[in-house]
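Asker: I have a structure I would like to understand better, so I am pasting it below and will then ask my questions one at a time.
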Amino acid sequence: MRQHKVVITGIGAVTPLGLTLEEYWGGLVSGRSAAGLITRFDTTKYPVKVAAEVKGFEPANYMDIKRVDRTALSTQYAIAAAGMALSSAGLDPAKEKPERLGVVIATSGAMDLLIYQGEVLKNRGPMRIDPLLISKVSPSMVSAIVGLEFGLKGP
């Protein structure tokens, strides 16, 4: 079995503790909690009211507005963090062989969007569902879209 070396040379962070690696690390070492009341949706019907949400994230600061409109929030976080990681590494994908740069992201996809679109289907019918739903909620699409965004074609 051939073994390949993988080198991590840059880090990006979009987290509830901060939108940069410095903010994130500062929050960790200071012991700051990112937990708070849920603000992204109405929690009236749910017993849990607390979560650690990412605050202040503006996706248009990290990608073209067309990409923002066509992707789920989880993918937007991934694109922002990947851009930071590439910058941190001093790596310009345009100057590298694209097949030597790959993307590996572990995610469950955009479950919130899937639940919301289920409600749309139930209340408004199938013609009102987002036509990009599958590309937004599929977990494999997160790494695929990050690859497309930065021209990375490797494994």
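Asker: For residues that are part of a loop (DSSP other than H, G, I, E, B) and closer than 30 Å to residue 150 by Cα, scanning just the stretch 35-60, find the one that is modelled with the lowest pLDDT.
Answerer: Per the stated criteria, the residue is 40.
Asker: Go through (1) within 12 Å of the chain's Cα centre (by Cα); (2) open to solvent by less than 30 Å² (accessible area, probe 1.4 Å); (3) over 22 Å from residue 24 (Cβ atoms) one by one and return the number of the condition residue 141 breaks.
Answerer: For residue 141, the failing item is (2).
Asker: With respect to residue 120, is the statement that it is under 17 Å from residue 71 (Cα atoms) and surrounded by 13 or more Cβ atoms within 10 Å (Cβ to Cβ) true?
Answerer: Against the criterion (under 17 Å from residue 71 (Cα atoms) and surrounded by 13 or more Cβ atoms within 10 Å (Cβ to Cβ)), residue 120 does not qualify.
Asker: Next up: Scan the helices (runs of 4 or more DSSP H) fully inside the stretch 61-155 and keep the ones with 2 or more residues being among the basic types (Lys, Arg).
Answerer: Those helices (runs of 4 or more DSSP H) span 65-69, 111-124.
Asker: Something else about it: Taking residue 99 as the residue in question, decide whether it is of a type in the set (Asp, Glu), at pLDDT 90 or above and within 15 Å of the chain's Cα centre (by Cα).
Answerer: no
Asker: To continue, here is another question. Test residue 108 against the criterion of being without any contact (Cβ under 8 Å) to a residue 40 or more places away in the chain, open to solvent by 40 Å² or more (accessible area, probe 1.4 Å) and under 16 Å from residue 73 (Cα atoms), and give yes or no.
Answerer: Answer is yes for this residue.
Asker: Follow-up. What about residue 68, is it closer than 25 Å to residue 140 by Cβ, of a type in the set (Val, Ile, Thr) and open to solvent by 70 Å² or more (accessible area, probe 1.4 Å)?
Answerer: Here the answer is no, as residue 68 does not meet what is asked.
The values are calculated or read from the model by the stated rules, or taken from the named source; none is laboratory data. The shown structure was predicted, so the numbers you read here are calculated from the model rather than taken from an experiment. For neighbour counting, all protein chains shown are included, and Cβ atoms are generated from backbone atoms with ideal geometry for every residue, glycine included. Only protein heavy atoms, including side chains, enter the accessible area calculation; ligands, DNA and RNA are left aside. Shrake-Rupley method; radii C 1.70, N 1.55, O 1.52, S 1.80 Å.
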